[in-house]
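Beneath this line is the structure, given in structure tokens, with notes to follow.
The values are calculated or read from the model by the stated rules, or taken from the named source; none is laboratory data. As the structure is a prediction and not an experimental result, all values here were calculated from the model. Note that each Cβ is placed from the backbone with ideal geometry, even for glycine, and that neighbours are counted across all protein chains shown. Surface areas here come from the heavy atoms of the whole protein model, side chains and all, with no ligands, DNA or RNA. Shrake-Rupley method; radii C 1.70, N 1.55, O 1.52, S 1.80 Å.
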Amino acid sequence: MERALKRVLIAALVAAPSGAARAEDDAFRLFEEEAQAIRIASTKPETVFNSVSNVTVIDRRLIETYNYETVADALQSVAGVMVWRTYAMQHVPTFRGALQEHYANKVLVTIDGVPAWNAVTGEGDIDRVGIDSVERIEVLRGPASVLYGSNALTGVVNIVLRRPEKGASLAAAAAGIGSGHGGLAGSVEVSRAAGVYARAKEDAFLFLSADHSSRRSPSLSFSDDTRTVFELNEYFSVRNVNARWQNGGHSLLANVSNSVQDYGGNAVSLASGAGKPHDKEMELVSYSYSFGPSLSDLKYSGTVDRQRRQIPRDAADSLRSDILGTRYVNALSAAADLPGPFSLEFGGSHEYRVAERYNNFVSSSQAVVADNKMDDRVVWEGSIFGQLGYDRGPWKLLLGTRFTHNAAFGDDVSSRLSAVYMVDERNSLKFMAGQSFGAPTPFELYFQNSPVTVLGNPALRPEKTSSVELSYLTSWERLFGQATVYYVDYINTIVRSRGDFTRDGQTFANANFYDNARRYNAEGAELEARYAARRFGAFAAFNYIHGGRGDSNDVPAPGVFGLSGGQSSNFKFVPRYTLSTGVSGNVPGPAGVGELFCSLVAYHYSSMETLRTRLPAQAWADVSVGFKKDSFRHALAVRNAAGGTIVVPEYVRQRTLESMPLVSGRRIDYTVSYKF
């Protein structure tokens with residue numbers, strides 16, 4: 001069994017994306033420990049070949065090979081993953097076309113396996129860790145509630161912090177400048193700065209990092225709800241501090257993040273704050289203790305995740321909304337080997353989600369002018385889970401169930417079944433069937449602003465998915481391929497509706513309110529291929545989606561401008577297919593000194609519909625060249641090389657706004673990094 005596992009690990013190394021600049025045997029040794037450490041789909045180490053879920057890994061070597069600037073950029077290269085935006089928020093991860101409304105609460109974001117999301121509105125944030133602090137990004141597509149509970153509705157992104165080999169240390173610094181405002185002319189700004197230190201001993205580990213990144217786009221001509229045309233300057237800036245400490249069974253993780261981005265306005269208008277800064281503050285502390293194998297790998301963890309957002313509400317930015325919430329989580333889990341090839345994992349968790357406030361206040365005096373009745377709203381949730389595993393010969397099976405009781409909606413049972421068949425050491429076949437749920441957030445349940453904005457609905461039911469998928473993985477020499485087909489049902493998706501709404505005995509006429517949508521479904525296919533050689537690498541990721549049956553609804557016209565209404569559905573706004581490709585190469589530098597490298601990453605979306613129109617197919621590309629010598633690495637990148645504006649449907653404010661820019665303007669970035 002041990003020899004067979006070793007062969008599987010070596011096969012997985014071929015699957016690991018790499019722009020290998022070493023000999024093949026060295027690459028195997030480099031990636032062997034990493035292949036054993038994939039834990040996003042199970043509490044036990046797995047490889048991409050025998051993982052019980054559909055997992056793609058973007059490792060450190062791939063990040064550097066293709067010069068990804070952010071976690072969002074890296075995720076765009078994964079089949080079935082789009083990183084979109086709405087008028088209210090940038091960098092919204094979207095899996096398999098399941099659109100995320102104002103708040104990105106369908107894809108769970110974790111840092112070293114610790115879930116991190118807003119207690120009031122539910123969204124995760126993929127910018128909480130800068131790219132220089134990332135060792136790898138593990139991407140799980142499909143339901144994952146059995147392992148993670150709420151919010152892992154359509155998938156999980158696990159951001160793993162950098163970690164040197166045992167007995168080694170890592171110290172690195174990076175700095176970058178970029179053309180200001182996303183153009184070739186104008187000011188030059190600091191686009192990136194980071195420092196990382198890590199040291200690993202036999203039973204201890206320390207990691208520290210701090211980073212800053214900033215990105216601006218050219219000003220765009222923007223038409224608001226009142227048909228006022230103005231110039232909107234888009235920007236995004238984030239600062240992060242991360243710390244990780246382990247000693248024996250003790251482990252401590254801390255993440256502090258602050259970001260600012262432009263806002264589209266509460267009603268997509270200058271008068272409601274369009275173009276003014278939208279601020280986010282996030283602090284996460286998680287402690288865990290592993291009691292070791294003598295107690296069946298018993299592990300306790302406690303987490304506090306506090307997040308605060310401030311949103312502009314008027315043209316002068318004198319009125320803002322203050323949103324503050326905290327999650328308190330306690331969890332206990334254990335794993336035990338049973339007689340024969342069987343194993344058992346089980347555990348439970350208890351979580352308090354405290355919506356401390358959602359108020360409008362005057363910026364100058366801090367005086368509260370509107371109380372949205374969120375003060376100290378508490379939703380608690382308790383759950384237990386169990387997973388029975390079987391691993392013998394070519395077969396690996398897993399059957400798991402999580403029972404959850406939520407104070408707001410009651411009980412839920414989510415289950416999953418995975419079967420992995422190792423055809424040989426370089427081929428595997430996977431069948432996966434699973435369910436997930438997403439609990440309504442305090443904002444969706446209780447928000448009590450005017451009906452012009454949105455009203456919470458205490459009668460909401462949890463969002464659910466039910467899916468089946470089949471995957472085949474193969475590798476040959478330096479080539480790896482993976483093909484997946486899936487079918488998924490979306491049940492009780494939470495959407496904004498409009499009409500007469502009664503809550504707590506009060507009826508609101510023609511109001512915006514949260515409601516559960518009808519059941520709908522989709523099927524799709526995902527294809528991934530990678531090639532890694534010493535001097536050349538390439539990848540391709542193709543995604544096809546066919547969906548939309550059952551989720552259509554009529555959207556009324558705004559009543560002005562002579563616009564008609566239209567019919568909306570989740571998959572109306574999603575491209576039928578997407579394609580991301582990349583090529584990379586490297587050669588010895590002049591006189592054999594150092595190494596020259598280059599890469600090209602290109603993206604393509606098929607045509608998409610908006611509420612009333614159709615957007616043409618979209619394509620853009622990033623080009624990078626650079627030089628490495630000893631500990632120095634220089635990289636020059638041209639982002640969005642063609643310089644066009646890439647637009648996607650605006651599916652939240654559908655009644656008056658048809659599309660929003662996803663990428664705009666050509667930008668040049670220069671980055672230098674040094675490893676001590």
If you take all C-alpha pairs in region 249-303, what percent of them are over 18 Å apart? 59
What does region 351-409 give for Rg and for Dmax, in Å, if only its C-alpha atoms count? 22.0, 69
Net charge, residue 98 excluded, C-beta distance under 11 Å - Lys, Arg +1, Asp, Glu -1: 0
Once the dipole of the chain is set up from charges on Cβ (+1 Lys and Arg, -1 Asp and Glu), the residue from the list 624, 245, 358 lying farthest towards its positive end is 624
Write down the Kirkwood hydrodynamic radius of region 35-168, to one decimal in angstroms, obtained as one divided by the mean of 1/r over all alpha carbon pairs. 14.9
Expressed in nanometres to one decimal, the distance between label points 7 Å along Cα→Cβ at residue 287 and residue 403 is 3.1
Among 446, 466, 493 the positive-end extreme of the charge dipole of region 446-497 (Cβ point charges): 446
Note the direction-averaged projected area, equal to a quarter of the hull surface, for the Cα convex hull of region 255-359, in nm². 9.3
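At a Förster radius of 45 Å, what calculated FRET efficiency corresponds to the Cβ-Cβ distance of residue 271 and residue 376, to the nearest 0.05? Mind dumping the intermediate values first?
Details: r = 32 Å, r/R0 = 0.70.
With a Förster radius of 45 Å, E is 0.90.
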Stretched out fully, how many nm does the piece from residue 203 to residue 606 gain, at 0.36 nm a residue minus the Cα gap? 140.1 nm
Probe 1.4 Å - accessible area at residue 546, Å² to nearest ten: 60
Two decimals is fine: what is log10 I(q)/I(0) at q = 0.11 Å⁻¹ for the chain, from a Debye sum with one equal scatterer on every Cα and no solvent? -1.18
Principal axis dimensions, largest first and in whole angstrom, of region 44-104 by Cα: 39, 28, 19
State, to one decimal in nm, how far the label point of residue 296 lies from the label point of residue 419, with both points 7 Å from Cα in the Cβ direction. 2.8
Under the rule of at least 5 residues apart or a separate chain, name every residue whose amide H is placed under 5 Å from the amide H of residue 84. 92, 94
Accessible-area value, residue 491, 1.4 Å probe, nucleic acids and ligands omitted, Å²: 40
Suppose each label sits 7 Å from its Cα in the direction of the beta carbon; what would the residue 258-residue 485 distance come out to in nanometres? 5.2
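So what is the relative contact order for the chain, in percent, with contacts set as C-alpha pairs under 8 Å and at least six apart?
It comes to 12 percent, rounded to a whole number.
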Amide N of region 64-85 lying under 19 Å from the label point, which is placed 7 angstrom from the Cα of residue 525 along Cα→Cβ: 78-81
Jot down the radius of gyration and Dmax of region 458-545, Cα atoms only, both in angstrom. 21.9, 70
Per the charge dipole of the chain (beta-carbon charges, Lys/Arg positive, Asp/Glu negative, Cα centre), the residue among 644, 538, 401 reaching farthest to the positive end is 538
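Over every pair of different alpha-carbon atoms in region 343-382, take the mean of 1/r and invert it; report that Kirkwood radius in Å.
Kirkwood hydrodynamic radius for region 343-382: 12.8 Å.
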If every Lys and Arg gets +1 and every Asp and Glu gets -1 at its Cβ, then about the Cα centre the chain yields a dipole, in debye to the nearest 20, of 700
Could you compute how much accessible surface residue 409 exposes when probed at 1.4 Å, giving the result in Å² to the nearest 10? 40
Calculated from DSSP H runs of 4 or more alone, at -39500 (n - 2.57) each and per residue, what is the 222 nm mean residue ellipticity of the chain, nearest 500? -2000 deg cm²/dmol
